Amino acid sequence: MQIGIDSFAASIADPITGQTLSPVERMEHLLEEMELADQVGLDVFGIGEHHRAEFLDSAPVVILSAAAARTKKIRLTSAVTVLSAADPVRIFQEFATLDLISHGRAEIVAGRGSFIESYPLFGLRLEDYDSLFAEKLDLLLAIRANTHVHWSGQYRPELTGQAIFPRPLQDPLPIWIGVGGTPSSFVRAGTLGLPLMVAIIGGQPARFRPLIDLYREAGRRAGHPAEKLIVGLHSIGFLGDTTEQAANDFYPGYAYTMTEIGKERGWPPTTRADFDAVRGPTGALLIGDAQTVAEKILYVNEALGGISRLTFQMGVSTLPHEKMLRAIEILGTQVAPIIRGELPENSI
């Protein structure tokens, strides 16, 4: 199993002190985190895409390219690219360029996005949320397969054999489908035979097993071999030297972020009891010391019928830079070796 980190480059006020890092400081910290993740042997680092004041990741490929110059082995991916609101030609060109810069370490996780700001920002209708994604994914896959592209659709001018350059070092450039909880999204990924990245941010991971089985069954019916139907998880998590320390450090910022998002989505405020319940043995949060988190990962892997990648989202909580670096160090030097020892064959 591959172990990594996702970040949204959050620039959120500390809920205790009220202080916020400058965007320059936050970006420098993020690049240091990515560099350390590479040094401690983590497999992948993803950068999300948002168009909101509290996130600095509106241009994820720029951040990933900066990281490519400071890292050697770690794979660099989006988490996710909001494909519905983008031009697939430009997305492919940008990630192909990143692939060349990084010597073949680029990946795309394509999704529709859980926030909606990008749609009015780029002159798109939210009512076209799904059809935009389906059409643009079709074009992105066509570009990946062919240098000269013949394609027509509803939302973008047709291509009549134009060449799309540059071509990436990897052939094919890895493209994952990022999903939440919509069954049709799981079926689409399976039918296309694309790897699946499932965002699980709350509740119990085991409830996603029927959806993952749906993905695998759709892939089987479409004729794709089982080894091509790869499942990854994007999960909220944090590491400390003790479980109590990790939970106490992470909770204030987590509660603040989730409560603020909840105001937009109709969720009740997050309490410590809520937090403690979801970080329990069968809950979605991966919070604790190395052994606790490793045991939870092994449980989730079994509950979901085998996963090939798990990425930690640590940035939903505002934390001192030193504690974030320590969490990355523990993840790479303690958790990842345990998982690789237990699941050496379950890899991409």
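The values are calculated or read from the model by the stated rules, or taken from the named source; none is laboratory data. Computed from a predicted structure; not experimentally measured. Backbone-built Cβ (ideal geometry, glycine too); neighbour counts: all protein chains shown. Quick note on the areas: whole protein, heavy atoms, side chains included, nothing else; ligands and nucleic acids left out. Shrake-Rupley method; radii C 1.70, N 1.55, O 1.52, S 1.80 Å.
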Seminar exercise, completed: Scoring only Lys, Arg, Asp and Glu (+1, +1, -1, -1) among other residues with Cβ under 12 Å from the Cβ of Glu28 yields -2
Problem set entry | Length-normalised contact order for the chain - Cα pairs under 8 Å, 6+ apart - percent | 20
For this session: Please give the per residue volume of the convex hull enclosing the alpha carbon atoms of the chain, rounded to a whole number of Å³.
Result: 129
Exercise. Given +1 on the Cβ of Lys and Arg, -1 on the Cβ of Asp and Glu, and no further charges, what dipole in debye does region 278-329 carry about its Cα centre, rounded to the nearest 20?
Worked result: 120
Exercise. Taking a 1.4 Å probe, which of Trp176, Trp267 shows the most accessible area, and what order do the others take after it?
Worked result: Trp267, Trp176
For this session: Could you calculate, for region 197-252, the ratio of the Cα radius of gyration to the Kirkwood radius, expressed as Rg to Rh?
Result: 1.19
Problem set entry | Met27, Met324, ranked by accessible area, largest first (probe 1.4 Å) | Met27, Met324
For this session: Give the long-range amide H neighbours of Gly237: residues separated by 5 or more places, or on another chain, with amide H under 5 Å away, using H modelled in the peptide plane at 1.01 Å from N.
Result: Leu286, Gln313, Met314
For this session: Go ahead and estimate [θ] at 222 nm for the chain from helices alone: -39,500 (n - 2.57) per DSSP H run with n ≥ 4, summed, over the residue count, rounded to 500.
Result: -13000 deg cm²/dmol
Exercise. Lys263: accessible area at probe 1.4 Å, nearest 10 Å²?
Worked result: 140
Problem set entry | For region 204-348, share of DSSP beta bridges that run antiparallel, in % to the nearest 5 | 0
Exercise. Given charges of +1 on the Cβ of Lys and Arg and -1 on the Cβ of Asp and Glu, with all other atoms neutral, how large is the dipole of region 35-74 about its Cα centre, in debye to the nearest 20?
Worked result: 140
For this session: Sort Phe55, Phe165, Phe92 from largest to smallest accessible area, using a 1.4 Å probe on the heavy atoms of the protein chains.
Result: Phe165, Phe55, Phe92
Seminar exercise, completed: Among beta bridges assigned by DSSP with both residues in region 53-205, the antiparallel ones amount in percent, to the nearest 5, to 30
Exercise. Any idea how far the Cα center of region 198-226 sits from the one of region 304-328, in Å?
Worked result: 23
